[in-house]
Structures are given as C-alpha cells and as structure tokens.
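Structure, as structure tokens:
Where a number appears in this text, it was derived from the coordinates with a stated rule and is not lab data. Being a predicted model, the structure only gives us computed values, none of them experimental. Note: ideal-geometry Cβ built from the backbone for every residue, glycine included; neighbour counts use all protein chains shown.
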Amino acid sequence: MATEAASEYKPLSAPPADGQLIEHNGKQYVTIKEGLAYILVPRPALDAAKQTNLGDKEAVQQVFYNPIQQFNRDLTVLTIKAYGKERLEEKAAAFKSKPAAKAQRVSEEVAPASKVEVAAQQPVTYNQGSGSEVAPVVDLELSTAEGKALLAETSKAESTVVKQDRPKASPPFKILDALSATGLRALRYAAEIPFVTAVTSNDLLADAVESIKVNVEHNKPRATIDVSHDDAIAHMYTLVAQELRKVNMKNHRHPVKSDKYDVVDLDPYGSATPFLDAAVQAVRDDGGLLCVTCTDSGVWASNGYPEKAYSLYGGIPLKGGQHSHEVGLRLILHSIQTAAAKYGLAMEPLLSLSIDFYIRVFVKIRKSPASVKFQAGKSMIAYNCDNGCGAWQTQLLARNKATPNKKGSGTFYKHIIAGGSLNKNCEHCGSLQHITGPMYAGRLHSPTFIQRVLAEVADAPKDVYGTTTRITGMLNTALEEYLPLEEEMELREAVQKAEAEMEENKDATEAEKKELEKRRANAVEALKLFDQAAVEPYPFYFLPAYIAGRMHCITPPENAVRGALVGLGYRVTRSHCKPGSIKTDAPWKVIWHIMREWVRQKEPVKQDNIKPSSPAYKLLRLDQKKKEVTNGSEAKEEPAGDSDVMQVYSSVAKEESKGNNEEGNEVDKLEVVFDLQLGKDQDKRKFVRYQQNPRENWGPMGRATGKEPIDIEYADDLEDQIGNLKDESIVFILKQTDSDKSGFVVFSLSGETEGNYGKLSCLLAHSLPEQMLKKHLLTAIPDHLRCDATHSVTVVVSTHSGLCRAEEFHRSILQPLLAAVDIAPRSISGGEDGEKRSYEVILTQNDRTIKELGKRLQEESNRPDSTTAKRTVILLSGDGGVVDLLNGSDDSSVSSSPAGNKPSIILLPFGTGNALFHSLHKPLYTSHPSTSHFILALRTLFRGKSAPLPIFKAEFSEGARLMQGAEATGSVDHLLGAIVASYGFHAQLVWESDTPAYRKHGDKRFGMAAEELLKVGHGYEADVLVRSEDEEEEWNQADFTEPGKRVGYALTTLVSNLEKTFTISPDTRPLDGKLRLVGFGDVGGEKTTEVMKAAYNDGKHVGMKWKEGETEETVGYQEVKEVKVVIKEDDERWRKVCVDGTIVEIPKDGWLRIARAEPRFDIVVDESLV
C-alpha cells in the first residue's frame, strides 16, 4: 500500500494539473489550480485554508494561502487587463506621434547631404532585454534646401530598414507583487495578462520565497518572474533610490528611462499603510496603477481604537453608524492621497470596493503638482449623529472654486479655505454629534473605467475566472452609485456636442475646422478641470432598518422607501458596501418626513413607548406638543397621553405650517406615497450584488507564521507517558479507537504561566493511570456544547479585550480542542456519526457587536413557536463582554427569557481584571493551586454545568449621561450588571485609567492611575442609603457613613473578587446572588492605600477600624436589598459612577439606585458548584 501511494506522486518537472500530487526535496504537495496558474500547497496548509482537520497539526499555515480571496485575485487580474490595454493604447498613440514631431524638428535643422545618406543606410538597433528602441546616431549639417530635398528620401529609407530589420518587441509592462506569499498572484499575472513582460514576486518569509520558487519552476510561466526575498518596503525604496540617482546624474544627454513598475500590488495581512510611502514612489508617475488591500476592518470600520486609525490612516473612523465601510474606504483613499501628495503626485481612484472583511482599491498615480493643489478641497470631515438618529453632515476642509479667466474663454480654479462651522448637536434629534475624518471626499470610482473592467469580465471564460458572476454584480452596483450633478452632465454634453459637430463638418474649411477643434478643446479642458475638483455630492448611505429603529417603528420595505423618494422627484440607488442600503440625493429633512409619514400612514406607534431622552421623541416631534390657541389667551398644552403619536405629530405639523420656517414647511407639505412598484429595481438584469458567505466562520484567516504546527507525540512506554504529563496542565483526555494507533489522547497546555496560556500539546499514550482517567477522561459532550436541532454554539472573540490575545487563543487552542470533539467552525449538513458539528464564530468589529448579539439571543429565546435552539455563547472576553450581552438583551420590546430557555454563557478570561471569572472559580484556586486559570476555564468549558447568573439593575436620575473618556455619548436611565456598581474611589479609578496610555499596561493601569488619584485624596460629597431585606420602605444611612459626611468609597457587588487576588467581598460565594455593600468615609490617600492593600490580603479590609481625630472610622460591609447614592458634588469630575466598567455621569443632586434583577442568562461553572 505504501509503495502504491508513493507511486502517485510526480516530480516537480511534471506538467501541472489540478489535484496532482507532487513530491519535491522530500516534501509532498497537492497542486491547486486557480485561473491559469498552479500552486503547490502542502496538505496541512491546504486543510487549514479549507478549515478541515483543524484538530491536529493541519491547523497552522507556514505560508499564507486563502482560497476565499479568489474573488480578489480574479477581480485584480481583470482590472489590470482593463487598465493595461488602455495604458498600451496611450503608449502606442504617443509613439505614433513621435515620427511626425521628429520630422518637423529635422526639417528645421541644417546638415550636409552626405551625412544624411550614411545615416539613412545604418540599421536601427534594439535593447532586446527591455524592448526599448535605441535611436540611430544622426549628425545633420544640411543646408535648408538640401535638407528638404533629401528628407523624404531619408524617411523612406529608414522606413524600409525598420520593416526589414526590426524585431517586433513588446513594450515593457512590469508588475510588483510586493507581499507574494505563495506567489499565486504573480503566477496568474504572468499567465493571464498577455502584455505583461515581467513580474517581481517578493516576500519577507523564507518559507514563502521557497514556495514561490517551487511554484515558478513548476508553472514555467511565459513572462519573466523575478523572485525577491526582501522586505517589501526596502525593495521599493531601493528602486526609488536607484531612480533618484539616475535622474540626478550630471551631463546625461537623454531623458532617463524609468525602471519603476507599471503596477504595484499591495495585499498585506492587515493594513497597507506602512507600505504606501514607498509604493507611491515605486509605481510609474505617468499614470501607474496602485492596487491596495486593507483587511484591518476592526480599525477603519469601527471606533474601538480611534487613535490607531488616526496613526495609520490620518483620520478618525465612524463611531457606530450604518455607513462605516464607506467611511473606511474614504479613510484609506485619504491615506494614499496624503502619501502621494508630498511628492507632487496626484491620486485618481478608478475602483474602490468594500468586500466582505476587507477593502480593495485601484488608483492611478500621476506626477501633477497642479492637481495636488485640489487635495484639500477634496478632503472632508463628517459630523455623525451616532448616539441619536444616525444622520450626518459633511464639511470640506477647503474649496476649489471655479473662476472665469480674464479672456472669458475658460475657467481656472482658486483654492480657498472653507468657511463656516456646524452645530455640535444634531439638527434633527438634538443628540451630540461626533467628528469623523478627515477623509477623501471625491468620487470613489471612475464610471468609464468600471465599464472597461465589465467588458473584460464579459469576455472572461468562467472556467478560468470562477467568480465572474459576483464581480459583475458588484461592479454594476458600484457603477450605479454614480449620481452626477447637473453641471457635470452639462459639461459632458458639451464635449459630446463638440465632437459630434467635428464629425458632421469634416468637409468644412480649415478655419472652420480650427474653430471647431478649439471649441472641443475648451469643452474637454473644462470637463477635465471639473473632474479634478469634483467631490462626491451625496456621500454615504442609510439603512431603512437602522433609521426605523431610531424611530421605534416597524421597518418599511426597502422598495417602499425607494418608491417614496422617487415619487418626490429624488434619485435613488444603492451602495455596494451593504445589502439593503439606500443612496439618494434627498436631504435628511425629506428622509425623516418620509419616515414620519410611514408611521402616520402605515405603522403607528404609541407615545408611552417613547422616552423623552430617545431620538424618536424629537424625530416624531413629541417635544412640540399640540397647542390650542384661543382668542386673546395664552397657548395651552394638551398632553398626548396614550394617544397615537401621529395624532400629536399631525397637529404639530399644522401649527408649524403657520410659522416662519419656510424650508421645513415646504418639506412638511410634500405628499408621500409608498409606491412599491415605483421603488422596484428598473434594471431587469439579475445580478448577484451581495454575496452570501461561501461558508461559515470564514474571513481573513490567521497570519502565516513560517513556523511548524503542533504535533501529536506518541509515547512508547508507560513510564514515558506518565513522565511527560502534569496533572495541572491537562485539559481533558479522549479515548482513541478509530485509528491505527489506539489508546488515549491527552490534551494539555505546556509552558503556560499565569499571564500566558502556553502551547497546546497532544500526547497519545497506550494506557494511563486509572486515577488520571477518572479525573480527566471526557466520555460525553456536555449539553451546552451540543450542536444539533435543539442546541447551537456561538464563539465570540473580543478582538480588543485586555491584551488583544483572544483571537490567537481561539485559533491555536480553542479551535483545535473543539475539533477534537467533532465541533468545527464550518457548516456541514446532516449530523450523522462521524460528521463534525458546526459552530458560529463572531469576531467583534466595534463596541456594538456583542450588544447586538445579546438582543438577537433575547429575541430568539422569546419566540412563541419554541423552535429556536437553546444557545451557548463561548465568550473570549473580559467582564465587559458579559455586560454587553446583558445590556444588549435589555430591550423594552423583549422580555426576559422563559425559564429553561435562557442562553448559557461560558467565559474564557481575556479581559483586564476578569472579576466575574475569578469570583466563579475562586474555590478552585484553593483546591487546584498550581493550575492556571486558562486550564480551569477550558475544563469548565468541557465539563461544567449551567446555573442562573445573578444580576442587578442600576437606575439613574434624569439627566444621567454615558461617558466615553472625557466625552458624553448619550443619555441613559438604567443599566444591567453582574459584578459591581460603585461611586467614589473605585468609579473614579476605572474612569481615569481608561485611556490608551493606561490601557496598554493591562491590569497594571489601575495601580498607575490609583497612585495619581491617591495624591489628590478627594472626599466625595454624597449620601449612601440602603434598604435591608427586612426593611420595605425606609432608607437608612449605610453603616460606614452618616448624614453630611463625605464618602471615600462605596461599592455594591455580587462577586467576591475584582481581580484574582483582590477580594472585595470575602463572604460572597459563587452564584449566591447576594448584594453586598463595601464602603468607607473620607479617610485620605494614605488610609485608602492601606485598605486596598488589606483587600489584596484575602479581604482583610473588612472590619478594619481606626481613629481619625475623635471619630472612629470603619470599613463598612453589609448585605443589602437596595442601595441608593445621592450625589451632591458641584464639579462634574467627581460625579462619575461605574457599572461593570461603564461610566455614567450623574447630575448634581442626582442619584444612582441598585437592586437585584431577574436573571437573563445562565452561566457555565465548575460542576462542583452546581
């Protein structure tokens, strides 16, 4: 059998074929065909790319290969084809015009006849390596008469020599694949683009370079492929340096031939911005093509790390909002434009696409200092109402103003600073707006270029380009985004008219032709200048579902909204970025009028469901209650009560129509008709505009490491087996019976420490001690990990929690462990024995990701048909992930889950403090002192049981505001929590330590911030009141304070520990559900430090007493039913409260109130606790 299997492998010299097995230098490969290229992929990397066999060493790639990116590669090949053909046409036209210009120069020279005859007989030579012409040396000293007489003869002789002796050489066309990985892109460029003469395939990883060399040798491409082992930035700068030296050489007689690339392709893992400065200089500056991919959507499409987005892209991303991916596109274009401008290079976007998890842009780079002057006028900032209605306003940084020239025959542009400023509050709902940008404000695409690419797609064979259906749909959608201005259409019509007149008047006199040509040239120049200055007049898009949510109404059908807009005379299209999106030239006032009419005509809502603090209150004009005016008397208000909201809205609209707001009045008079037929897509062609995921849990995959994956070790004897195993490192043991090697597979983490989860190891042993098997043998999958018709599993990876290591842990530890028990991150139909069950993976994109999941889970669990599977959420996060799930589920439209159908949470600790996890596992730290908390977490995952998670509700007085850093982000009346609600030193510490400068230090940030706070030693002016179990009505002072006395610390908690070693409530037991209050008075920084140190000593702060002058102070500690903190501080700095890490600012004399609430989720804990 082994001999027969080996005979299937062929040598590297064999003609390539799809699925072919190749053996080379002792390594075995599978041949993969994509396009017209073949790459040799080691089977482990292939299985990792396809997400199969992820439980063993196949889970890690040494060289990055992602089959999902075929769409990107197909699109790029076809785009370069379209660009290259246009480029070659321009070169041919330029070359064709050279002989005429040369003849004109020669006819004006003076030279002797004899020398012309000699020169005419000399053959013309070529540099075969580059295909470039080397001009014959001609010294002309004819008299004018002789020159003219012999010029025709000379030209004829030279023409004859060219036809007979010149080889037909292709003009050079060079491409740089700067980050080549397997070399697949470079191979496809060489094989599929006929006019490409040379491709440079570069990579930094030695394994990648070796892979490229093997693939090139196997393919034997038509065009030259130069394999480069170099840093991409260094490679490009080296080329730039050589160009600069040549340009600056003294006494060179002829223009220097450029060695720059016609196309530079940047397709990195993550952001392309580190490569941009070199790339804009390494691509040709006469219209070279720069192709850029950025996969770090967590940076440019969310507001989790605005400081990182600014450092990479030079702008702040969108905070929340519905159009974050278009903002990401514009930020990336802005960074390219900025990188190019400082070298006098102008950028022209040809095609800019948001695709799945990444962005792909194609831009031209051209040397044009005059065009660079338009840059400021094509950059903008946006004011986004992310906390309110979702509307936006834009403001350009400068203006490119068209001005008639002195002759009146044309225009030129002045570049002036833009004036005016926008209100910090939204004009529609009054909420605070946030600034986004600066970003690129011009057009994202060239319609002409997209049509060229579509022509290439139409001619592309589907058996070579497997993604043409999706490419056609996306490009047509991008083409439809183009909504031209009236001025722009007039200029294009003027050019067409001028060209038509020239065509019609071919027989006109020379003077008339000259006049017609002048007219055409002026029209073309005017359009060219307009295009240089043009900005996108209607940037961004909205989602009907998003804005309906802001109005608390049922979402209107997309075609109903489109039909209403078209019926009012506005243009409507969609964005390629998002399904269900609407892009229109209608202003927001009209959009909100349409939504109000939707509520009035179709889906009324009730006022008692809408709080005054919500955006809907103002959007529906409930803040302007109907006033009835009587003769000679003041207006009196009529409350709406429980009446239909639109009764109030209609009367308000009538009253406003009598006012002075002419623009608003005109909008309110518009008659809205929700015509579904009018809103239907008029294009009868059927496109796949928005591709569904080709499989579950797919995406950018893990970065290639160049390292070997983990192996299963095989122990030969019992002593070897036991000697290599440590009880505290074992996660679980599986019995193996279905392979050639039977026994037990031990899964453990080796090299783990308190701060490092270590490396997953697998050991196959023939036998193990009975005690070890009894403790660790996994005999069945727990209910919470079942993936079938009644149960489902979602893994949430919080990409920015703690030290940002959750994603790597999922890939290298959790995913292989789940695969070992036949649970894989992919979709496999059926569910029969031997097939892997699938789970969902969510990588957090922004601070709303987990909250949205919480809301979805709550809605699922409340469905009356009871067909929804019970869900388990494996949360790779800190405490914030649990809190986001809770508050996401806390929607007024859904109630808490019925008993027995609550979703279950499994918490894997990747936050900073991990208070909930450490509190739930505290008993195990005593019984398993040598076992790391990562292993305890994994044991709980595979062997734990579910129990209700105790929670509390924190309510706030009117005027309370959510805080993010120093900025208020919106109003709030309550939050749900599972850990702590605090005022005083703890809340202040959480708030003041939550800055990028502190967060990079992990949990050490608290100590650093505490040191600064303790120097201040502030006492907080507040009353801390409590109700105990046996007291129903009376509020009493907490046991550590009294009326009029300042407070230093007040913390209400359901957990024992805030950190692993910081015991705040020593009497609390896991899941006991008892609310306890810990606090002390204004005792100064030194005593506060002493109390905190005692808490680190296993909770010894409880019961501490000491004298402060004549007053005896104590650390209060009591079980309570409710807590109320009334805050009396004048300075807003000292009015911050903390609810599970969320900061809320309370108004003066406002209050915070905490009480237990009904559980919404179960949580999986060690089986000994249930």
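Things to note:
- Cβ-Cβ distance of Ala545 and Ala966, R₀ of 30 Å, FRET efficiency by 1/(1 + (r/R0)^6): the value works out to about 0.40.
- Global form of the stretch 380-492, assessed from the alpha-carbon gyration tensor, a/c cut-off 1.5: oblate
- Note on Glu490 and Arg1046: the extension gain reaches 192.9 nm, defined as 0.36 nm multiplied by sequence separation minus the Cα-Cα distance.
- Residue order for Met502, Met380, Met1008, fewest other beta carbons within 10 angstrom first, comes to Met1008, Met502, Met380.
- When the C-alpha to C-alpha distance is required to be over 20 Å, the pairs from Lys583/Lys669; Lys91/Lys257; Lys726/Lys759; Lys602/Lys669 that qualify are Lys583/Lys669.
- For the pair Arg222 and Glu671, the difference between a 0.36 nm per residue extended length and the Cα-Cα distance amounts to 155.2 nm.
- Over the stretch 1110-1170, the Kirkwood radius and the radius of gyration, each from Cα atoms, give a ratio Rg/Rh of 1.12.
- Measuring nothing but how far apart in sequence close Cα pairs (under 8 Å, 6+ apart) lie, relative to its length, the stretch 488-533 scores a relative contact order of 53 percent.
- Its relative contact order, with pairs defined as Cα atoms under 8 Å and 6+ residues apart, puts the stretch 953-1169 at 28 percent.
- Ranked packing of 220-233, 271-284, most packed first, by mean Cβ within 10 Å: 271-284, 220-233
- Once the Cα-Cα distance is subtracted from the 0.36 nm per residue extended length, the Ala508 to Glu427 segment shows a gain of 23.2 nm.
- Each residue, Ser1028 and Leu1013, gets one label point 7 Å from its Cα in the Cβ direction; the gap between the two is 2.9 nm.
- Residue order, fewest to most beta carbons within 10 Å, for Arg1069, Arg73: Arg1069, Arg73
- Calculated FRET value between Tyr310 and Gln393, using beta carbons and R₀ = 25 Å, to 0.05: 0.75
- Going from the residue with the fewest nearby Cβ atoms within 10 Å to the one with the most, Glu307, Glu597 rank Glu307, Glu597.
- Subset of Lys424/Lys1128; Lys870/Lys945; Lys618/Lys1148; Lys260/Lys364; Lys922/Lys1087 violating a 21 Å alpha-carbon distance limit: Lys424/Lys1128; Lys618/Lys1148; Lys922/Lys1087
- Listed peptides 326-337, 768-779 by packing density, highest first (mean Cβ within 10 Å): 326-337, 768-779
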